[in-house]
1. Out of the residues in the range B:339-350 that are more than 15 Å from the ligand (Cβ to nearest atom) and part of a strand (DSSP E or B), which is farthest from B:L273 (Cα to Cα)?
2. Looking at B:S391 and the list (1) within 16 Å of the ligand (Cβ to nearest atom); (2) part of a loop (DSSP other than H, G, I, E, B); (3) out of contact with any helix residue (DSSP H, G or I) (no Cβ under 9 Å at 6 or more places or on another chain), which single condition is not satisfied?
3. Quick one: what pairs do we get from the range B:425-448, first residue within 19 Å of B:L357 (Cα to Cα), second surrounded by 17 or more Cβ atoms within 10 Å (Cβ to Cβ) and acidic (D, E), C-beta under 6 Å, 6+ apart or different chains?
4. Would you please name the residue that is nearest to the ligand (Cβ to nearest atom), looking only at residues in the range B:292-338 that are among the hydroxyl-bearing types (S, T, Y) and either assigned to a strand (DSSP E or B) or over 21 Å from A:I172 (Cβ atoms) (or both)?
5. Out of all the residues in the range B:304-325, which are over 12 Å from B:Y261 (Cα atoms), more than 10 Å from chain A (Cβ to nearest Cβ) and surrounded by 24 or more Cβ atoms within 10 Å (Cβ to Cβ)?
6. Residue check, B:Y265 against (1) away from the ligand (no atom under 16 Å from the Cβ); (2) buried (at least 22 other Cβ atoms within 10 Å of the Cβ); (3) hydroxyl-bearing (S, T, Y); (4) within 30 Å of A:Q43 (Cα to Cα), all met but one. Which one?
7. Contact list please: Cβ distance under 7 Å, first residue in the range B:534-547 and farther than 13 Å from B:S485 by Cα, second residue at pLDDT below 90 and surrounded by 19 or more Cβ atoms within 10 Å (Cβ to Cβ), pairs at least six apart or on different chains.
8. Which of the residues spanning the range B:358-368 are assigned to a loop (DSSP other than H, G, I, E, B) and either within 16 Å of the ligand (Cβ to nearest atom) or within 14 Å of another protein chain (Cβ to nearest Cβ) (or both)?
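The values are calculated or read from the model by the stated rules, or taken from the named source; none is laboratory data. Keep in mind it's a predicted model, so treat the numbers as computed, not measured. A quick note on method: Cβ atoms are made from the backbone with ideal geometry, for glycine too, and the neighbour counts reach across all protein chains shown.
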Amino acid sequence: MLSLSMPLLAHGDLSMRIAEKTIAISEDPDNSELYYERGLLYQQHMEYDNALEDYLKSQSMGNSNKALYYQIAEVHFLTKAYQEALQSINSYLELDSMDLSAKKLQAQIHFNLKSYKKSLEGYRTVILNMKDIRPEDVLEYCNIILAENNKNYKAALKAIEYGLDQLGPHTISLQLKKLDYLKDAGLTEKALEQYNYFILEYSRNEFWYFKKAKYLVEIHKPHEAFISLKMATVAVEQLDTKFKNMGPVIELKEQIKSLESSLNNQKS
Amino acid sequence: MIKKSTFLLVALSSVFSFSQTSHVDLPNVSDVAVTMPVSHPQHSTSVTVVRGPYLQSGTPTSVVVKWRTDIATESVVHYGKSLKSLSKKASSNNVTTEHEVALSGLSPNTKYYFNIGNKAGVLSESVSGEMYIITAPKAGTKQFVRAWILGDAGTANNNQRNVRDAYYDYVDAAPKNSGKTDMMLFLGDNAYGSGTDEQYQNALFDIYDDMLKKSVAWSCLGNHDGKSADSATQSGPYYDIFTFPTAAQAGGIASGTEAYYSFDYANIHFIILDSHHTSREVGGAMYNWTKADIQNTKQDWIVTLFHHPVYTKGSHDSDTEDRLIEMRQNFMPMMEANGVDLILNGHSHSYERSYFLNGHYGFANTFNPDDISKGGHTVGSNGYGDGKVDSNGAYQKANTAAEGAVYITTGSAGKISGGDLNHQAMSVSLNQLGSCVMEVEDDGRGGQNLTVKFIRDNDGIDDYFTINKSAWVLNTDRNASGQKSAGLLYDADKDLVRLDVDKNDKLKKVKFYNNIGKLVKKSRRKTINVGKLPKGLYVIEVITNQKAYTESITIE
Ligand SMILES: [Fe+2]
């Protein structure tokens, strides 16, 4: 045992637990549960082929547990074998049609199979029924909405608002995505409002003044861009010295300068 | 529903006898009546507190008190500044075994004693005053802060108890601020083997009961907590037990999730990440939040905690495991560039502590001990030293550079698991049981020292180091009010701005733009009354017959 664990130490305790499970299997080779358990360990260790082999072995030995279907689907999903993944998650959902984690995985599989309508339908159920959604879920949902129809910013923005409603109005990852969508949808006034939201909401806003200036240049409002660049400059000047010396702020100062000079060149 | 009927019942029970009230035809009432100890004092003794109280999500003005009872009952917290007079009350009529009461409207930096109970009376108290809340100081306050750091503690055995007792001995005997622990920072794997509720009871509540009653506990998610917790739905024991700020209630920026969040304490900004379940991708939701959050803080110190270590050659290997590599390569460049000072990780069951580092994102064998100015990975003339004040000297964080951070992998608060323990970036690597204490205090010259000590299970202090920020680094002008550019005079008392226009120029137009770039005031005069303008930053565009330029002012 000692000689076995020594070279494995570098890979952490997971490798050791796999080795232990292998010994358990050799002592009780007809136990389908043990293969399932070792498969879980392999999966955690990202040895997906070994994981799948163990799951299938467990299944062939008569393990018909629904959790096994889920794991098989997940491993197929992780190895991009989406058809096989779909088959297994469908089997799972036949046993438990209400399981939201499985519904979510199914929607993700549909997404990768480019069955966007089905994906959207499934994910909508997940979003509306999951007790505690996360910002990541809302963003994924928006992504599916736009995959299904790349002009449907209205629905994507509605989903963002739903997320803000559920998770708190200032949830940053959703507010950032909202800005992207407003810009992509060409809703310039709303996009500017969104920049102002960040400027007003946050205690340090030098980055936001600059980003807003850049956008104002893009939408051909050079004078407003010029004012926003001035704001950015003043905001940087008002920072404590230690922040002024940080890489991102030094970089920002250079970006402000270069945008300012390109604006001046446009004028003359 | 329950809330309503309970309220009614209480009102009735003061008029009718208990047996009469139970006949009132209301939904849920009979259930409630059985556990209502109001008119049956013997019932109150039958309700027992089986978990807590423990403190969560502390801010300068609020805290959440949580506890569990064996029988469902109401939640009442009595509190006050004097132990003899707990005159204030926060309560919920909801009948439950899982109690969660938020106290708000508290004063910053203030000690409140408290007890917990139900409507019938007190269920848990400390007559000697060992149950209290000390509210957080206002963000930005410079004062002594002590945090107890526990990584991978949850074995529920004597190793864990010995490590705990060594810290209790340390803090009781501390020459300064003895007995004071401002917070507990758990680095994940708080309860083996899979963070179930029962395992949490044994490894967290039963072990740290005394401390949890007087010190706010914060945590990040470990892989063993993750086995029974589902970050995708924020459900399971980990998310049930802990209550973390999702909407920036304790400072920072709203993450919208308890999986990762931040908080301010005194002049320290803490960033808590989920390195286990959540996507660690650059541009992912957690990354975007972290970047926005760290670029929004004005705090003097930035500390981050997450479970999977950036550098380790212990029972895990940061050269081969994906989560560790991803946190290092994806998060650390951005966090270092924005001034992170201290990184606390667990997972490997050992104590490994780095030199004063910057920019080391490769494998252990690519570590270059030279200073960053020479292409290496350490910062300052003694960055490759031991960081001890009485030896190679404290690491120095100058205000001319954001670089320099110490990484600690401290996951031996419950067990040790060995390993090669030879990561080149580590100044110290020990296969010993222990926990860490972080203390931030005055350096006696107007600056501050952040010192971390590794306290062994046998009370020995086997490692320590200090990061110093001089007075000049800390001495900051937090109040931007009244700042202005050179070309104008501002008389705040008279609300007057006077432009200093070139003698040869003739002033034509003056325009004031507010903080969102909106034109809010026009003038043609050199002296302008700004009494009607709201406080904030303004850019002033000045146009003369010769030129156009801008000035700026922050109106008080
Ligand atoms: Fe761990």
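1. B:L342
2. It fails just one condition, (1).
3. Taking only residues 6 or more apart or on different chains, the pairs are B:M426/B:E352; B:S427/B:D386; B:V428/B:D463; B:S429/B:E352.
4. Within the range B:292-338, the match that is nearest to the ligand (Cβ to nearest atom) is B:S315.
5. Listed by number, the residues that qualify are B:H307, B:H308, B:P309, B:V310, B:Y311, B:S318.
6. Checking B:Y265 against (1) away from the ligand (no atom under 16 Å from the Cβ); (2) buried (at least 22 other Cβ atoms within 10 Å of the Cβ); (3) hydroxyl-bearing (S, T, Y); (4) within 30 Å of A:Q43 (Cα to Cα), the one that fails is (4).
7. B:K535/B:I555; B:G536/B:I555
8. Answer for the range B:358-368, where residues must be assigned to a loop (DSSP other than H, G, I, E, B) and either within 16 Å of the ligand (Cβ to nearest atom) or within 14 Å of another protein chain (Cβ to nearest Cβ) (or both): B:N358, B:G359, B:F363.
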